Amino acid sequence: MGCNQMSNRVFPIFIALLLVLGIYLGWFLANRPSFSIPALLNVAGTGYSILAVIVLYEAVAQDEKLKGVIVSYVAPFLLWAQAVVPLGVTASWFLIRNLHHGNEISAFGFSFFAYSVLPLSFVDATVIFPRIAKLQPLDGRYRRFGLFLLLSGLGMQLFAGLAGL
């Protein structure tokens, strides 16, 4: 059961859990004595880069079943997590606005969500639900997802490096 086959009863629970995770993450970060957006971007970028290496690893690349799992489960999970968790972080502003980094964290959550719209549209249209016949073969979808992860990870790390200067 991939994301496109997830039942109508399970999907709202899944989204609610991601939203709660984002709210908790916002609260957790706001309670930290020191907080750095470049460090947070670096961690996220490193996570994406590691996932890209796993997805593009040769042993995975030759296993059709693993490709199917990556395209049907991992890509939709990442798409929804990257969209909903930052919204949860932004929504946590109601709980954390009076904490040390509350406004900064909420602004970061909103900015990350806004950034995510374009790349996630690419993932949705070319990996999860490709609408063009040439983009529908599993091998190409899986490789585009790996490329998305690699470029996103490197981009976040580059931006974190430039922001940290």
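Solvent exposure of the stretch 1-145 amounts to 58 Å² per residue of accessible area, where only protein heavy atoms count and the probe is 1.4 Å.
Placing unit charges on the Cβ atoms only, positive for Lys and Arg and negative for Asp and Glu, gives the chain a dipole magnitude near 240 debye about its Cα centre. Projecting the Cα atoms of PHE122, SER92, GLN82 onto the charge dipole of the stretch 37-162 (Cβ charges, centred on the Cα centre) puts PHE122 farthest toward the positive pole.
Annotation: extensible slack from ASP124 through LEU151 equals 8.1 nm (criterion: 0.36 nm per residue apart, minus Cα-Cα distance).
Charging the Cβ of each Asp and Glu at -1 and of each Lys and Arg at +1, and nothing else, the dipole of the stretch 98-165 about its Cα centre rounds to 360 debye. Run the numbers on the stretch 51-134 and let me know its relative contact order in percent, using alpha-carbon pairs under 8 Å that are six or more apart. Rounded, it is 29 percent for the stretch 51-134.
Computed from the Cβ-Cβ distance with R0 of 25 Å, the FRET efficiency linking GLN62 to ARG131 stands at 0.40. The chain gives an Rg/Rh value of 1.01, both radii derived from C-alpha positions and Rh following Kirkwood. Put the Cα centre of the stretch 34-54 next to the Cα centre of the stretch 61-113 and the gap is 12 Å.
A simple packing score, the average count of other Cβ atoms within 10 Å per residue, orders the peptides 142-153, 64-75, 127-138, 18-29 as 142-153, 18-29, 64-75, 127-138, with the highest score first. Rolling a 1.4 angstrom probe over the stretch 48-165 with all protein chains present gives an accessible area of which 72% lies on carbon and sulfur atoms.
The values are calculated or read from the model by the stated rules, or taken from the named source; none is laboratory data. Just so it is clear, the model here is predicted, and its values are computed rather than measured. No Cβ is skipped: glycine too gets one built from the backbone with ideal geometry, and neighbour counts run over all protein chains shown. Quick note on the areas: whole protein, heavy atoms, side chains included, nothing else; ligands and nucleic acids left out. Shrake-Rupley method; radii C 1.70, N 1.55, O 1.52, S 1.80 Å.
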